[in-house]
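Worksheet for the structure shown next.
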Amino acid sequence: MDWNLIGIWVAAFLTLSIYSVLYRDNPFYRFAEHLFVGVSVGYGIVLSIYQGFIPFAWDPFVAAVTGESPTGFIKLIPIGIGLLFFARLSPRHTWLIRYPIAILIGFGAGIAIPNVLRANIFEQTRGTIAPFAEIAAGTLSGWGIFEAVLMVAGVICTLTYFFFAVEHRGPVKWLSKVGIAFLMIGFGSAFGNTVMGRVALLIQRVDFLLGDWLHIIQ
Amino acid sequence: MDRRIVFILVALAVIIPMLLSINLPVSVSEPTQKFYDYVESLPAGSTIMVAFDYGPSSLAELNPMAKALLKQCFDKDIRVIAITLVVDAPTLASALIQEVAAEKGAVDGEDYVFLGFRPGAVQVILGMGTDIASVYDTDYNGTAISEIPMMQDITNYDQIDLLVDFASSDTVESWIIYANVQYNQKIAAGVTGVIIAQMFPYLQTEQLVGLLSGILGAAEYENLVGAPDKGMQWINVESFVHLLIVGLVIIGNITYFIMRREE
Amino acid sequence: MKRQVPLVLCFVFGIVMIFTQFSPHSFSQGIYEEVISWALIIGPFALVLATVTLIQTHTARIRRRTEHWQYSFVVFAGLIIMVLIGIPFKPQNSVFEWLYNNVQLPMDATMFSLLAFFIASAAYRAFRARTFEASLLLITALIVMMGNVPVGDLLSNDTASKARQWILDNPNLSARRGIILGVSLGVISQSIRIILGIERSYLGGGD
Amino acid sequence: MIKITQWIVVTLVLCLSVSVAFSQGLAPLSNVTAVDTPNDNGSSITIKWDAAAEDSGVSGYQILRRIADGELEAIGDLLPAETSTYVDSAIEKGTAYAYIVRAVSETEATVDSEQTAPVEGTGEWFHTGKIPLFITMLLFSAAIVWNIYSARSGKDIFVRRIPGLEAVDEAIGRATEMGRSILYSTGLGGVSGVATIASMTILGQVARRTADYETSLRVPCRDPIVLNVVREMVKTAYLEEGRPDAYNEDDIFFLTESQFAYAAGVEGMMLREKPAAIFLQGTFYAESLILAETGNSVGAIQIAGTDSEHQLPFFIAACDYTLIGEELYAASAYLSREPMLLGSLRGQDWGKLLIFAAIVLGVVLELSGVSWITTLLQRVS
């Protein structure tokens, strides 16, 4: 049996089943949708075991048991924490699940504070100011100066729109209106810029159907 | 208008140009030309490292340009070392390289080698600066680096004439910060349409010797290499769909204004 | 035990992670790497638990014969096949790869490509010059869209791609910066609340 | 020990003088120092010297090092003539190294510098380059905490109108009237994501209202941990409204972790159940438009909110109301009126004022040629 050919037919059938949803909900889409959910969950489990659990927990633990590297016993802590998730299955002990959740949340928050502050706030503020050094050095043309000023104006107005604890009246209202205009230009351009990539995805699927499957085009 | 009519129009705008293989002229932009010229200027026997830093979701945009570059390299007897920093890329990259190699008669281990994936992007980039074998002790098939003929005279970036990053996320920045700034490695990039705008500053500072942008870049490159393929075909289809969307928006606005006047 | 211990755990892990970000010493970096690997170990347990709830949900659907209950068997079939082949024979085996390449990958790519249709229908419906702001959205979207394809430059004598680049580099970037700065302040303030135990919503209600 | 060192010095001086004599006037490099690289984990040593003048005939440098009294070994490649620092990261911890920088001329004549004092690589406990970051973090934390306490002490805090939030009640009301369900997606983010937590807070408020109206509230989850937290929160909301009987745990379920399989599942739900109101609140990626367009096609009122700036355009285009970026966080404060959230919202406004000040001051200083603000903000490696 040519598994390659069967694979192409299976893939083509599933591709068309999913496209059928554009017309309306139907048994083919429902089949593909449910198969997709089942397969993806199975795939996720297999991968998280082989790429997460085995290399990071099991291997070091085995190495500890065989005496190769005793530090592997420390992996019993996260394994124990992970097992607490199963407390969810017993109504009386459900609250135990708060332990692993609290750890993951604390961990995420701790990493976020310094990194978000540095990468997003420090860097973006610096990027906004930096062109003015070139203006001072006289290396920026008239147009470049306009762009630098526009950038500062845009950032300040957009940020003004996000003031929540003050009423938007007077100059604040005026600034935040300009901010909305900047936001709309930003959204429009981001929308337009995405079209190309998304259409390429569709072209690739149609190419698969017309070429690999039906052989209408080479 | 029912949205299904829009869906049918989009489908037709893809299928019809594809079947008719309509060809609109493709001019070559400067960053693409620079990319091509740089590779052309390399003598036979040079080495290019290609990083396939994209997963399945960007395959449509980046595979055509990677293919065109590999064709050019194999035609010119430039050796290719392929790697990836992205975990779900190896199967796709390996399949693509083998396809082009079979077409051009390139030999694994002599004309090209695929080293596969290693975790920790920054450590991989830095590690290869001192010794490639310290990061990749074997290639993707498990052959020891020391037994691969073409790797005999290659230790680190010093023997690599150009690094090409095909990317769908911020890996280009990492290559520039660590391979270009630290080790003076020449870098060119091919990226998806969405992140192209982030790349232009590096082109201006010449930290990138060339740049290919999505399907358009692939089409231009195929044009230069003289091997028209998916890129040329697809960019025409792209044009039709973009024109369709613009047309739809204009029609939508005209009907909107007519209806508002009637009210 | 039910509320205090989680809050303490959250505080300790949060403070330790902040500390590792400011301390380059190999001891702190060692802690950082160890804890990162813990997060990867804990993840699969949560996924297994979620799968149990998924199985419960679908078993309930089959038992109660809710509408379209038959499809729950399809979910089970997909799940069981992937797990039975993937776990004993490792994900590198050819059957598992065949299933990934011919079942999961095509559906993934096809779902993703639906966006091409939706982007067209959303543009058609929403891009109306109703107000000044809506007109800005509409016009920039059209310029950038045309600047991306050769046809745009052909029709506009190369101005489309230049205009596109300028818009993306200038007004677009400043708007994005504004959003990012605001969002980042929110992220930090929330993280501070979490670590200090002021924000406790994640614990749910009850005692 | 001292004797040996003396010997080395004498030999070196001799060698130096000999090489100077035969090296067409190449002068040994001056000010060669080796220090432990600051702010690292102790894995490198930095060597600095004064680069030779352009007309000195020096074409490059070779770094040499030795451990205690061991042999001199060359490390790294020949460095170009304009360099004046080298970071040796191939060192063993706990070992002291002494360095010599050898100047090389075009004719390959060489002259060695004096040997530096031996130095060890040590790791630092605090990265001094990150002091500004640390101080900013403390200041901002203080501002947030202070505002929260002032809000808790009963001080009323104003929050501006957020377009879209008025529609929440309208949307729930409509679903009740039509006897249809409400679909609420908390997005693809994990439990520690701010957007997810804000989304869960809003969900808690929505759940209070649906509990009163007995409208069914369907929540498909993508993250297994979010699933558990959401179940707890909704259950609490129903309990507090005195309607524990109306709570149905099966309405809050895990779909799948895979991005597009999740999208396929939610899309199917929308088409089959035809919810009257759809809330898409949280972190979203490319699937945002699949969800929003399908929701629109079934005629639901859609209220979206996300801090993923790349997805905002699609929500703006396809949904009835969209909470933009930080508005999502503000919405959770606005709806719940909780002092903690209101207070930190005002703290965030203070943060914005600080950014304004930094930008304005930075621009003024840069224009007058002073760049310490940019240097301060410069990313510390």
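The values are calculated or read from the model by the stated rules, or taken from the named source; none is laboratory data. All values reported here derive from a predicted model rather than from experimental measurement. Backbone-built Cβ (ideal geometry, glycine too); neighbour counts: all protein chains shown.
Observations
- Where helices (runs of 4 or more DSSP H) sit wholly within region D:287-381, those with at least 2 residues that are β-branched (Val, Ile, Thr), in contact with a helix residue (DSSP H, G or I) (Cβ under 9 Å, 6 or more places away or on another chain) and outside the structural domain of residue D:259 (by TED's automatic domain parsing) occupy D:339-367, D:372-377.
- If you check B:53, B:77 for being charged (D, E, K, R), without any contact (Cβ under 8 Å) to a residue 60 or more places away in the chain and more than 14 Å from chain A (Cβ to nearest Cβ), only one passes: B:77.
- Counted residues, region D:302-338 - those being touching a residue at least 40 places away in the same chain (Cβ under 8 Å) and in contact with a Cys (Cβ under 8 Å, 6 or more places away or on another chain): 1
- Any hit, region A:175-189, residues being touching a Pro at 6+ places or on another chain (Cβ under 9 Å), surrounded by fewer than 18 Cβ atoms within 10 Å (Cβ to Cβ) and small (Gly, Ala, Ser): no
- Unmet criterion (only one of (1) of a type in the set (Val, Ile, Thr); (2) within 14 Å of chain C (Cβ to nearest Cβ); (3) under 21 Å from residue B:67 (Cβ atoms)) for residue B:164: (2)
- Of all residues in region C:183-193, none are charged (D, E, K, R) and surrounded by fewer than 19 Cβ atoms within 10 Å (Cβ to Cβ).
- Residue within region A:19-36 that is part of a helix (DSSP H, G or I), without any contact (Cβ under 8 Å) to a residue 12 or more places away in the chain, touching a helix residue (DSSP H, G or I) at 6+ places or on another chain (Cβ under 8 Å) and more than 9 Å from chain C (Cβ to nearest Cβ) present: yes
- Residue ID - nearest to the chain's Cα centre (by Cα), chosen from residues in region A:79-103 that are surrounded by 15 or more Cβ atoms within 10 Å (Cβ to Cβ) and more than 7 Å from chain C (Cβ to nearest Cβ): A:97
- Comparison of D:82, D:92 shows that the only residue that is surrounded by fewer than 18 Cβ atoms within 10 Å (Cβ to Cβ) and under 30 Å from residue D:375 (Cα atoms) is D:82.
- Test result for residue C:57, at the interface with chain A (Cβ under 7 Å from one of its Cβ atoms), crowded, with 16+ Cβ neighbours inside 10 Å, of a type in the set (S, T, N, Q) and more than 30 Å from residue C:21 (Cβ to Cβ): no
- Any pair with Cβ under 6 angstrom, 6 or more apart, that starts in region D:84-98 at a residue that is over 16 Å from residue D:122 (Cβ atoms) and ends at one that is assigned to a loop (DSSP other than H, G, I, E, B) and at pLDDT below 85: D:84/D:51
- Of the set (1) modelled with pLDDT under 95; (2) more than 7 Å from every other protein chain (Cβ to nearest Cβ); (3) on the phi < 0 side of the Ramachandran plot; (4) over 28 Å from the mean Cα position of the chain (by Cα), all apply to residue D:317 but (2).
- If the condition is being surrounded by fewer than 16 Cβ atoms within 10 Å (Cβ to Cβ) and among the β-branched types (Val, Ile, Thr), then region B:62-90 contributes only B:87.
- Among the residues of region B:116-138, those that are assigned to a loop (DSSP other than H, G, I, E, B), out of contact with any Lys or Arg (no Cβ under 7 Å at 6 or more places or on another chain) and under 22 Å from residue A:56 (Cβ atoms) comprise B:118, B:119, B:120, B:137.
- Inside region D:257-301, residues that are in contact (Cβ under 8 Å) with a residue 60 or more places away in the chain, buried (at least 23 other Cβ atoms within 10 Å of the Cβ) and of a type in the set (D, E, K, R) make up a count of 1.
- Every residue from region B:1-28 that is assigned to a loop (DSSP other than H, G, I, E, B) and either at the interface with chain C (Cβ under 8 Å from one of its Cβ atoms) or surrounded by fewer than 14 Cβ atoms within 10 Å (Cβ to Cβ) (or both): B:1, B:2, B:21, B:22, B:23, B:24, B:25, B:26, B:27
- If you check D:179, D:164, D:193, D:187 for being at positive phi and modelled with pLDDT under 90, only one passes: D:164.
- Listing of strands (runs of 3 or more DSSP E) fully contained in region B:139-214 that carry 1 or more residues being under 14 Å from the mean Cα position of the chain (by Cα) and within 17 Å of residue B:128 (Cα to Cα): B:162-167, B:187-191
- Flag if residue D:370 is within 11 Å of chain A (Cβ to nearest Cβ), surrounded by fewer than 23 Cβ atoms within 10 Å (Cβ to Cβ) and closer than 30 Å to residue A:34 by Cβ: no
- Candidate set: region D:137-158, residues that are touching a residue at least 60 places away in the same chain (Cβ under 8 Å) and buried (at least 20 other Cβ atoms within 10 Å of the Cβ); chosen: the one nearest to the chain's Cα centre (by Cα): D:140
- Restricted to helices (runs of 4 or more DSSP H) entirely inside region A:108-168, those with at least 2 residues that are over 28 Å from the mean Cα position of the chain (by Cα) and more than 9 Å from chain C (Cβ to nearest Cβ) are A:131-137, A:142-161.
- Residues in region C:60-71 that are assigned to a helix (DSSP H, G or I) and facing another protein chain (nearest Cβ under 7 Å): C:60, C:71.
- Some residue of region A:58-75 being under 21 Å from residue D:226 (Cβ atoms) and surrounded by 15 or more Cβ atoms within 10 Å (Cβ to Cβ): no
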